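Accompanying notes for the structure given below.
The values are calculated or read from the model by the stated rules, or taken from the named source; none is laboratory data. Nothing here was measured: the structure is a model prediction, and the numbers come from that model. Cβ placement follows ideal geometry from the backbone for every residue including glycine, while neighbour counts extend to all protein chains displayed.
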Amino acid sequence: MAYYSQNLLRDKLSSRLLAPHEKKQLSKEPDTRQVTKSDLLWIGVFFLIIATNFWLGGHNYLEARNVAETKSTAEKLTKWLAEARETSHSNRLTLGSCNDPASSWRDCRDELMANNGPIPNARNLLNPSGEFFADVCDRSNLSTLGSVVIEKGTPKPTDATQFIYAKMPSTQILSEKLPLKVFVCGRSFHPMVVGEIVF
Amino acid sequence: MLNQSTSTVSLRQIVYRWGFDISNPNGYAKQFDSYIAILIVANLCALLLETVPAIYDPNVKFFHIFDIVSVVIFTVEYLLRLYVAPEDAEFSKSRTPRFAYARSPFALIDLAAILPFYLSTFFAFDLRALRVMRLLRLFKLFRVLLPAIREFNELNKGRTLRQKVYALINPTDNSGRLQDYVDTFIVWWVLISVSAVILESVQSLESIFHVEFVILDAIAVMIFSIEYVLRLYSCVEDPKYSTALAGRLKYGKTPIAIIDLLAILPFYLEAALHQILDLRFLRIFRLMRLLKLTRYTQATGTLIKALKREWPVIAASTFIMLLLVILTASLGYLFEHEAQPDKFENIPQSIYWAVVTLASVGYGDISPVTPVGRLMTIIMAIVGIGVFAVPAAILSSAFNDQLHKDRELMHNELYRYMEDGVLDDAERSKIYAEAKRLHISDEEVDILIERVRQERQAAESGHLPLELIAKQPEVAFEQFRQNIGHLRQIVSLSQKEQLDRLFSDPNRATTQERQIWEQLNSAKKI
């Protein structure tokens, strides 16, 4: 640092005391200082890059962990929904709304997240202000980021074993068999498919 | 004498000289250190993978065996170093060299790397604590790194920070082994990050290792960003980019700098704009990190040189290819449109079929059905084999030619270095580095050096092969002058009358020989 200050002083002195032709000559000499002002600037950039990377890397890591956790919750839900169908409504008996053919998807959805449901107190980890369930993964609606989306399938006209999935309205009645596709609305509003089941 | 000297060499000296003496050029100390370093890195990878239950649980046995094998190797290394300590100049002066070695920082690190394993057999350790202690093995890398850092500091004493950074990331005379390690580190991270990008596309793996892939990417971007900034900072040390701003801008526009930037840019763009735009497609650009490896091989440079040199010929053959494609597509459309209007709907659509046919790919999704169409396809396919092969042949030949030229240049360089009859260490390392670049093995270089040495010796003794003299004008000129001098000496020392009589005899000498004699004789008189 002392060395640096000494050089700075030399710079100042040279700019004031030297004749123009001497200044010109001095500027042509190679800079032999160990650390120059320009170096310090670059050291600043260097640390800025490291700090930015730590910040972005940490952010990405937390986001990835939240996505993994949300996917795990969605997988748990998918498994529960699939088993509920296979075990002849036995599981659904514990959740009145999901067992009642007259009830809507909204009612069932709320009970899934209730204390006695398969995913109690589930919340949107990527976006705390958003809902855990969303109807669609929509870029224009930032609150849908990190939500679990369940779409309803309708058989393809050409092949009844295949389904075309579309938004399931909250008012959907659960009286019939429902082919469902579960996915997580991930980063960049990219749907990350968790599974396809019949409920 | 030789027998006597070898009989006095102890086993300990042999072990030290072969396995641990870095200064011995015929020993294996450097290789030994490299293998140990690889094993340390493998240990670190194993340690990281052990934290992933999906990998660790089904392979517990493998991880355990690997750990035992590693500890056995590290223990053997530790014991051998302890055994040969009295041979090491650093400890040999001590009264108890082995104890002095055992107290040295490197030995303590070595011990710390193996001790937890042995202790765990006697004491019940928490598995996590044991893992953390196994991380101590990483410190063994300092055995390789510290000497390289010392050498680097020695080579760069009194140089500016920027010069040091330049020497650290670019191969220069001041770089030393540390620069090799930096290069190796970056190459490994390129391979790791590209492998991660490829494996990420496997859905089953991505769902298990999503978080791990994100961590790997973040680390890779940090390393490549630091590298990019350091290169941009220090590039002004290169005379081509010597001005602070313009030089850096010029460097930033070079293909290799653009590749470096593209390797990191998707990460930052995606982080900044992911809520506004779907930039996941940019992730594919992470595969471009593979192009960073072009910095470490000159093969692409040779190919680019060959391409530039043969560009007019390649362009001409491409033009002929283009003509043939359009002709084939047009004929295909002409003969097949009526029979297959869905497949040969128009000429642009037929171009796909033409290219597939002429390039001998033949997917078979579109094929001619009319007899004339088939006849035309047969002719065009045969012509296509020849025409489409031309650019490949030109490129292959040009690449070979360029390599040959580069090797010729290296040969000339070797001649230049050996003008003084000696190939010093710096010249030798330059020649070997150039040979490596040109894919010439060390054995071939040794043969080449020996040949040049023999040729020089022959040249000095005046028995240079004629074809070699003819090849090199400088040598031919010197040889000619030498011979003239030799003739003058003969003339001045011989009996003039007797020689004159012999040259006058037409059966003994030609007219030309007599003229040369007379010329030299008259010159002597003057």
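Per-structure values
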quantity	calculated
Criterion (within 21 Å of A:Lys181 (Cα to Cα) and modelled with pLDDT of 90 or more) met by exactly one of A:Asn124, A:Asn66, A:Asn99	A:Asn66
Failed item, numbered, when B:Trp188 is tested on (1) part of a helix (DSSP H, G or I); (2) within 14 Å of chain A (Cβ to nearest Cβ)	(2)
Any hit, region B:229-246, residues being within 13 Å of another protein chain (Cβ to nearest Cβ) and under 20 Å from A:Arg65 (Cα atoms)	no
Verdict on B:Leu502 being out of contact with any Asp or Glu (no Cβ under 9 Å at 6 or more places or on another chain), in the same structural domain as B:Gln519 (by TED's automatic domain parsing), at pLDDT 85 or above and aliphatic (A, V, I, L, M)	yes
Matching residues in region B:208-228 - criterion: being hydroxyl-bearing (Ser, Thr, Tyr) and more than 7 Å from chain A (Cβ to nearest Cβ)	B:Tyr228
Within region A:52-76, tally of residues that are more than 7 Å from chain B (Cβ to nearest Cβ), more than 24 Å from A:Ile197 (Cβ to Cβ) and hydrophobic (A, V, I, L, M, F, W, C)	3
B:Tyr83 crowded, with 17+ Cβ neighbours inside 10 Å, out of contact with any strand residue (DSSP E or B) (no Cβ under 7 Å at 6 or more places or on another chain), at pLDDT 85 or above and of a type in the set (Ser, Thr, Tyr)	no
Residue check for B:Ser204: under 30 Å from A:Pro191 (Cα atoms), more than 14 Å from chain A (Cβ to nearest Cβ), of a type in the set (Gly, Ala, Ser) and assigned to a helix (DSSP H, G or I)	no
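The rows are residues; the columns are (1) part of a loop (DSSP other than H, G, I, E, B); (2) of a type in the set (Lys, Arg).
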residue	(1), (2)
B:Ala470	no, no
B:Glu474	no, no
B:Glu478	no, no
B:Gln482	no, no
B:Gly485	no, no
B:Leu502	no, no
B:Asn507	yes, no
B:Arg514	no, yes
B:Glu518	no, no
